[in-house]
Amino acid sequence: MPQLGTSSLVIVAVIALVAVGALLLAARLRSQVLEADEGSTRMREIAAAIQEGASAYLTRQLRTLALFAALVFCLLFLLPGDGGVRVGRSVAFLLGAAFSAAIGYLGMSLAVRANLRVAASADRPGGKETGARIAFRTGGVVGMSVVGLGLLGACLVVLVFRANAPAVLEGFGFGAALLAMFMRVGGGIFTKAADVGADLVGKVEQGIPEDDPRNAATIADNVGDNVGDCAGMAADLFESYAVTLVAALILGKAALGEQGMVFPLIVTAIGALVAVVGVYLTRMRANENGLRAIYRGFALSAVAGVVLAAIAAFLYLPSSFDALQGTADIGDVSGDPRLVIAGAVVIGVVLAGVILAITGYYTGTTTRPTQHVAATTRTGAATVVLSGIGVGFESAVYTAGVIAAAICGVFLLASGSIWLSLFLIAVAGCGLLTTVGVIVAMDTFGPVSDNAQGIAEMSGEVSENGAAILTELDAVGNTTKAITKGIAIATAVLAATALFGSYADAVSHSLTSLGDNVADASDALVASMMTYQVISPITLVGVILGAATVFLFSGLAVDAVTRAAGAIVLEVRRQFRTMPGIMTGEQRPEYGRVVDICTRDSLRELATPGLLAAFAPIAVGFGLGVGPLAGFLAGAIASGVLMAVFLANSGGTWDNAKKIIEDGQHGGKGSPEHAAAVIGDTVGDPFKDTAGPAINPLIKVMNLVAVLVAPAVVTMSATADANHTLRVAVAVVAALIAGGAVLASRLRATRTDRANTAEAESAAVH
């Protein structure tokens, strides 16, 4: 087995200890959160119902996904590679999947306990500051766990497999990304089905508050916040962390050799130290806006990350590129690698800050775009929807432009060297993720404060002043959730672009290993399959198919929420119609029935997006070749970033426009303007919390599948004795599986529509 130098192994071992330290600190923060007061008996009863529903759903989801993970584990053995790498890659896949699931479960399990404590703190002296600290430190636990498990997994693979670690880590990243995508989709369908159903029947039809206990969907709505936002986002950011590390190690080894493979681990280890700074220094001062305090903590951690990464670069890296020997030709690159690589880290951190500012501007309650959307409620729901769509489109352009500018900056740092620039993009992603501890804390702040407000309203035991504090924290949480979605999208694009380079590296190595067995280059079929030229019509076909896959995936996710939400609306209406004592408080709504419907529908929809993401690149690769597959990945990345930002920011804008109305502007609660804002918010719910966030792991899953199958595609396409019949058969089977999953979803939708229509007609008769 290839060896790494002793000094590199010592550094990796030290980083592994840093990872363990991060996990220990997470345990300490968790105990601090749980020490806070739990509030009244009524509050504890409501929180217990939320805990029970969230745990039951996530347990059933993970049990379902375990079967899928076992199948993929077996399939990975069929891919090319020596025995040790194949076994290691399959085991690493399970490790990545298990870590992603563990992070998601941890995020959910603590959030459903912290929400109660934030609600209980509202009526105590310093309630606003205390509640914000509890919510932020809850996220800090998850953030430190993301850093700890991500680093620990990568370090263990490097220590065991040494120079073969990048190939094995492909499995680790794939496991993390696949589980995160499933948890994002399943949790997103659950949470938004309940949210949309609760809003449409409760707020619009019955005219009762959002978290009124008379609404049968309220418990499911609060459960959904945790399984969707906490568990889903935690798993999403963990897989971003893992996949970025995987891409950085693969490209680092190819471009710069041993030191290029180890340095990304050093940068991410610095992120563990930075997370401590950010979590402990983020404190809301008296009479201070919570968003300002969070921004300050993010800025402090970002500056600390840049400084420490620059110091590490100058201590660890040589002063000349000539001293760095990788397997790929980086060309004649001038300059000091310490400055170049430190500059890439700076670009990544600055990118996070700019994305934070852009997203905050387009979704914040005090900024012009959201104020404009709120003002359009005066002319009805249609103008609310149109204005929100316009904001989403506009923000997507600026966000994509900033990401493109960052990639151009990295390319300039690399003096035009393709391989070096790809590695620097991965390093920029690692730099961005030095702030991941604070980013996860910002995200978890949202659902914890949202749940706290729900518990307070359902219990009726929080004063008017305490309720106002929780409403303010909830508004801050809406903005932080939108911001972290924007940063997660930027991370996904950088990671996917770096994986694009990893794909090229896999193809290059596969062609080299074939030696004299490569087919005659004059063969038109082989030439068209192997070319990377964008002007090639067959490559453009790949680009179109990649972009189309993102649109299809998004449509399936939104449609799944639509069907599930329709079932919730009918169920809540049925309970109000058949149980008149609910409105008078004499009867208790059947909360469990709504939770069961959300669980059933969300788990039923899991297979389709997973099969589409896994088998679409296989169909394109084996059917059209490695060149069109490269185009497929490029199309998915380009359309994915625009679609994800559009969906996330338009949804965030609609959500906070509704908050503006509920705070008393433009007619306030119960007015026609409020009804229009609620409709805009319900349109945005599946945008920002289901389809949009799920695109992040989607494009990384497809890139990782491409990296994994690239050697097999090359072998079956470019060898002189290639079996084209078998290659086409594999492509056809993959296409049938992906297409069959989509068709099954369509048939299921038709049956659901008929059942809902029949139920609605029956209700009208009675």
Say R0 is 51 Å: what FRET efficiency, to the nearest 0.05, do Ala405 and Thr41 get from their beta-carbon distance?
0.40
Relative to the chain, whose Cα atoms define the longest principal axis, helix 127-161 and its Cα axis are tilted in degrees, nearest 10, by 20
Would you please state which residues of the stretch 333-372 a label at Leu412 would reach in this model, taking the label point 7 Å out along Cα→Cβ and a backbone N cut-off of under 20 Å?
333-355
In degrees, nearest ten, helix 464-514 long axis to first principal axis of the chain (Cα)
20
If the label point sits 7 Å along Cα→Cβ of Ser671, residues of the stretch 364-404 with amide N under 16 Å come out as 371-381, 384
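Expected output is a single nm value to one decimal: the length gained when fully extending between Leu78 and Ser508, i.e. 0.36 nm times separation in residues minus the C-alpha distance. What is it?
152.8 nm
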So how many Lys-Lys pairs in the chain land under 20 Å Cα to Cα, not counting same-chain pairs under 8 apart?
23
Compute the FRET efficiency between Met579 and Val733 as 1/(1 + (r/R0)^6), taking r as their Cβ-Cβ distance and R0 = 60 Å, and round to the nearest 0.05.
0.75
With R₀ set to 56 angstrom, the calculated FRET efficiency between the beta-carbons of Ala48 and Asp336, to the nearest 0.05, is 0.40
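Quick one: length gained pulling Ala357 to Asp322 fully straight, 0.36 nm per residue minus the C-alpha distance? Intermediate values should be presented prior to the final figure.
Working: separation 35, 0.36 × 35 = 12.60 nm, distance 3.92 nm.
Residue separation times 0.36 nm, minus the Cα-Cα distance, leaves 8.7 nm.
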Return the distance in nm (one decimal) between the two label points of a simple spin-label model at Ala299 and Ala70, each offset 7 Å from Cα along Cα→Cβ.
5.3
Size of charge dipole - the chain - debye, nearest 20, with Cβ of Lys, Arg +1 and Asp, Glu -1, no other charges:
520
So what is the calculated 222 nm ellipticity per residue for the chain, using -39500 (n - 2.57) for each DSSP H run with n of 4 or more, over all residues, to the nearest 500 deg cm²/dmol?
-29000 deg cm²/dmol
Put a dot 7 Å past each Cα toward the Cβ at Val204 and Tyr280; how far apart are the dots in nm?
4.9
Expected sort for 223-230, 659-666 on mean C-beta neighbours within 10 Å, highest first, is 223-230, 659-666
Would you kindly state how much longer the chain becomes between Leu386 and Ser463 on full extension, computed as 0.36 nm times their sequence separation minus their alpha carbon distance, in nm to one decimal?
24.0 nm
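Where a number appears in this text, it was derived from the coordinates with a stated rule and is not lab data. Not measured: the values here are computed from a predicted model. So basically every Cβ, Gly included, is an ideal-geometry build from the backbone, and we count neighbours across all protein chains shown.
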